[in-house]
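Below you'll find the structure, written out as structure tokens, and then a few comments.
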Amino acid sequence: MKNGTVGRRLGLGLFVALLVSTGCATPQQRLTRRLDEVLHRLSDTGAVVAARVVTLPEGRELYARNADVPFTPASNLKIPVSATGLDMFGADYTFKTYLALVGDDLWLIGTGDPGLGDPRLAKWRGETPTAVFDRWVRALEKRGVRTIAGHLYYYDGALDEQWVHPTWGESVLHWYGAPVSGLNFNDNCVDITVYPTEPGQPAGYTVMPPVQNATVINECVTSAEHAPTIEKLPGGNIYRLGGTCAKREELKSKPVDDSGAFTADALRTHLEAHGITIVGKTRRATAPPDGMLPPPADAIVAVHETPVRDILSRINTNSQNMFADALCKLTGQEYAARQGRKVPGSWSDGSAAIHAFLKRHGIDDGGLVVADGSGLSVDNRVTARLLTDLFALMLKRPDAPVFVDSLAKGGVNGTLEKRFAGLAGHVFAKTGYIEGVRALSGYVRTRRNEWLTFAIIYNRIPGAVEPYEALQDEAVRLLVEWPHVP
């Protein structure tokens, strides 16, 4: 009897199982059975999964389940955001922040650069976040400037005034819900370090960066036990320290409310600490000097630049939300400008830019909803097919090495540093997590040095996401062995 006849009588699922049990299954059939078993192992909890696996560069689909169903992607939304941003600006573009002197006034002019004073980028360069301000002090001193007779103006209007998304809720009290504007510094967060003093006395603390407009309520007590806490209170840059302190520790970063005012505050505080006095006040400007961006060349004192490559790495390797939200808005601003609209960058224009990029390359964007750039919003949607098609596209581009290198590397760095032990050089992917969601998508280099792209997204997870993360890891380990499916 022919296999086709058997298949019709038994049903496809039972037929595949029969083939596997008799040793007649193809590698793809074995992979399908194993992935079904792994990915649906916890389906009785109510969690649902969307998944797809495709060979590269051929584009042959090896596996698909719910591949066209829109799922909440969490930080996997950063993939279309970063891919579109790379396409829009190019791998060698830099975003700039300007320090300028116009008459008696000092100007701090942002263009939406998220990297000014970023702690991780500074650490990569062997610097502190305020090292950029040290350079600006030297630039002013070189001009003989020790006193600013006028005001400190700051311009943060390159991006719109929707600094946080309305769906973020209480996330705005944590580092991952930091605001984004046209002027950003230190990830728009304060970093407070506590240290012990005398037993029973309040712990000491330092604030990075030093600023005037931040209130610290210190209820942390020096003790033999070490369990300090920090919380941001609503209604301003107000932070409460609690618990006990037995050793020096940098606490979790906490966001500020107004990133433009915060950046100007940090700059002014730093300048005055280094002997440069500003006589006037600190004022927000509604436009850059003479309406020009960049400002006139003869007015520029110093420029800070953040390369696109660094921004992509912070987005995809470390899943830095504010960077992704900034890049989404910056991409939208450039997209609008190319249409003749001179407007501040916004999430809505960023969404339009992403949809246009996907359509231009023939990728089905029907299930895509871009509410923000970071994936923190519960309103975002993406399909497993879109992600894998996009990964396939990006691997064909001349800037593919830049995009692939921006991803977290299994067992090596970023959000995958502690996952995929023993598989260094085989997994390049983006993680995603919000409540009820665990996502993972990217590339696999198999043992035979062949490439696959995959997407695995769980939604409706009840409780802890770690068991579903383990299923993702098990599935990806199977892909590494392709076509030898154990």
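Since every read-out is calculated from the coordinates, none of them should be taken as a lab result. Because the structure is predicted, anything quoted here is derived from the model rather than measured. No Cβ is skipped: glycine too gets one built from the backbone with ideal geometry, and neighbour counts run over all protein chains shown.
Just a few scattered comments:
- Per residue of the chain, the DSSP helices (runs of n ≥ 4 H) give a summed -39500 (n - 2.57) that works out to -9500 deg cm²/dmol at 222 nm.
- Note on the stretch 246-311: dipole from Cβ charges, positive end direction compared against A299, I276, F262; the farthest Cα belongs to F262.
- DSSP bridge pairs, the chain: antiparallel proportion in percent, nearest 5: 80
- Ranked packing of 74-83, 390-399, 105-114, 149-158, most packed first, by mean Cβ within 10 Å: 74-83, 105-114, 149-158, 390-399
- Normalised by the number of residues in the chain, the average gap of Cα pairs under 8 Å and 6 or more apart makes the relative contact order 22 percent.
- Antiparallel DSSP beta bridges within the stretch 365-486, as percent of all bridges there, nearest 5: 100
- The fraction of Cα-Cα pairs per 5 angstrom bin, counted from 0 for the stretch 94-307, comes to 1, 7, 15, 18, 18, 15, 11, 7, 5, 2, 1, 0 percent, rounded to whole percents.
- Mean-position separation - Cα centroids, the stretch 98-131 and the stretch 321-354, in angstrom: 22
- Cα gyration tensor category, rounded, prolate or oblate, for the stretch 310-412 with a/c compared to 1.5: rounded
- In this calculation the C-beta distance from V48 to Q201 is compared with R0 = 56 Å, giving a FRET efficiency of 0.60.
- Residues K342, K232, K329, K359, ranked from the fewest to the most other C-beta atoms within 10 Å, line up as K342, K359, K232, K329.
- Among Y63, Y205, the order by Cβ neighbours within 10 angstrom, fewest to most, reads Y205, Y63.
- Net charge contributed by nearby residues that have their C-beta within less than 13 Å of P255 (K/R +1, D/E -1): -4
- Expressed to the nearest 5 percent, the antiparallel share of DSSP beta bridges inside the stretch 94-307 is 65 percent.
- Shape category assigned to the stretch 298-352 from the gyration tensor of Cα positions, a/c cut at 1.5: oblate
- Annotation: the residues T286, T446, T72, sorted from fewest to most other C-beta atoms within 10 Å of their own C-beta, follow the order T286, T446, T72.
- Per-residue Karplus couplings for the stretch 446-463, computed as 6.51 cos²θ - 1.76 cosθ + 1.60 with θ equal to phi - 60°, are listed in order as 6, 4, 8, 6, 9, 10, 10, 10, 9, 9, 9, 10, 9, 10, 6, 6, x, x Hz, Gly and Pro entered as x.
- Reducing the stretch 141-217 and the stretch 382-452 to their Cα centroids gives an inter-centroid distance of 33 Å.
- To the nearest ten degrees, helix 384-396 and the longest principal axis of the Cα atoms of the chain are 70 degrees apart.
- Acute angle (nearest 10 degrees) that the helix 27-39 long axis makes with the longest principal axis of the chain, alpha-carbon atoms: 60
- Cα gyration tensor, the chain - rounded (a/c under 1.5), prolate or oblate: prolate
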